[in-house]
Amino acid sequence: QDGRHPLLICTSSTFVQLRQCFCCSTILAARVLALLLTLSVAVCDSEASSLLNTQTPTMSEGELTKPGVVGGWYLEINNQWKGQAMGIKVKETLFEGKSDYQDVAVYETETYGKMMTLDGVIQSTQRDEFSYHEMIAHLPLFSHPNPEHICVIGGGDGGVLREVMKHPSVKSAVLCDIDAVVIEQSKVHLKHLSIGFEDPRSEVICGDGFEFLKGKTAAYDVIIVDSSDPDGPAGALFGAGFYKMGN
């Protein structure tokens, strides 16, 4: 029950109570219970249909082929995910712009908090970003016996750096992201993520992560790569040359 609509749940005790209340046979009790269930499902289906009809935006065929805000909803439509799309209701557009590398946008959503997108792809939402940032940061750091010097490649929103700075053993952590707009907008709108930028042990560099690591030998205990998709500015971070350099 959600506070508005009753939901009938069928249990063996419900069946027994029906028999006792109406002093009826097993067959009659089953028929009454089946009728109640049918009515309940019909009411729920009717209300769900009405809810969808009033809240689902009407879109033209052209609008369905590109990501963006349509009828108050942010739609992520990507050829990587055939036959499906992600839709999140938007309250306010906080930032929309284009950096030297990609389209950058930040939204305040109805149920997912603040959300950042890059080239039309959702990167993080305030509601569930922890599940990604905690796993990508804590697993490698806890796997190292004494992680003191950390490097984060990408991760311009600051979420990974935030988690890295929770480790007392860390003496220094440098984050290198190619896109200054991502870093700046995270500082302005995604303070729940960019809080790690303020830690005195951290350093934030705007530049190419591949070039940044060239020539560095045994400089870091742990290197974490938090990149966007390989078809964007992060393409070099997916090649064999990058991982050989990391070794």
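The values are calculated or read from the model by the stated rules, or taken from the named source; none is laboratory data. Nothing here was measured: the structure is a model prediction, and the numbers come from that model. Note that we place each Cβ from the backbone using ideal geometry, even for glycine, and neighbour counts take in every protein chain shown. Ligands, DNA and RNA are stripped out before the accessible areas are found, and what is left, the full protein with its side chains, is counted by its heavy atoms. Shrake-Rupley method; radii C 1.70, N 1.55, O 1.52, S 1.80 Å.
Considering only residues that are part of a strand (DSSP E or B), in contact with a Ser or Thr (Cβ under 8 Å, 6 or more places away or on another chain) and open to solvent by less than 90 Å² (accessible area, probe 1.4 Å), which ones fall in region 74-102? Reasoning before the result, please.
Restricting attention to region 74-102, the residues satisfying the condition of being part of a strand (DSSP E or B) are 74-76, 86-98.
Among the residues that remain, those that are also in contact with a Ser or Thr (Cβ under 8 Å, 6 or more places away or on another chain) are: 74, 76, 88-91.
If the condition is that a residue be part of a strand (DSSP E or B), in contact with a Ser or Thr (Cβ under 8 Å, 6 or more places away or on another chain) and open to solvent by less than 90 Å² (accessible area, probe 1.4 Å), then 74, 76, 88, 89, 90 are the ones that fit.
Looking only at region 126-140, filter to residues that are assigned to a loop (DSSP other than H, G, I, E, B) and of a type in the set (D, E, K, R); which one of those is most open to solvent (accessible area, probe 1.4 Å)?
Residue satisfying both the conditions and the ranking: 127.
Count, please, the residues in region 103-125 that happen to be under 17 Å from residue 189 (Cβ atoms) and either outside any strand (DSSP E or B) or open to solvent by 30 Å² or more (accessible area, probe 1.4 Å) (or both).
Selection size over region 103-125: 8.
Six or more apart or on different chains, Cβ atoms under 9 Å: show the pairs whose first residue is in region 174-190 and closer than 12 Å to residue 100 by Cβ and open to solvent by 10 Å² or more (accessible area, probe 1.4 Å) and whose second is part of a loop (DSSP other than H, G, I, E, B) and aliphatic (A, V, I, L, M).
Cβ pairs passing all conditions: 178/234.
For region 141-161, name all the residues that are within 21 Å of the chain's Cα centre (by Cα) and surrounded by fewer than 24 Cβ atoms within 10 Å (Cβ to Cβ).
Within region 141-161, just 154 meets the criteria.
Checking the conditions here, which among 166, 216, 187 is among the basic types (Lys, Arg) and in contact with a helix residue (DSSP H, G or I) (Cβ under 6 Å, 6 or more places away or on another chain)?
On the way: 166 fails: in contact with a helix residue (DSSP H, G or I) (Cβ under 6 Å, 6 or more places away or on another chain); 216 fails: in contact with a helix residue (DSSP H, G or I) (Cβ under 6 Å, 6 or more places away or on another chain).
Testing whether each residue is among the basic types (Lys, Arg) and in contact with a helix residue (DSSP H, G or I) (Cβ under 6 Å, 6 or more places away or on another chain) leaves just 187.
Within region 141-173, can you find the residues that are assigned to a helix (DSSP H, G or I) and either among the hydrophobic types (A, V, I, L, M, F, W, C) or within 18 Å of residue 98 (Cα to Cα) (or both)? Explain how you work it out, then say what you get.
Keep residues of region 141-173 that are assigned to a helix (DSSP H, G or I), which gives 141-143, 159-164.
Within region 141-173, 141, 142, 160, 161, 164 qualify.
Show the residue pairs meeting these rules: Cβ distance below 8 Å; 6+ apart or different chains; first residue within region 105-116 and within 19 Å of residue 156 (Cα to Cα); second residue part of a loop (DSSP other than H, G, I, E, B) and open to solvent by less than 10 Å² (accessible area, probe 1.4 Å).
Listed by first residue and then by second, the contacts come to 106/190; 114/190; 116/190.
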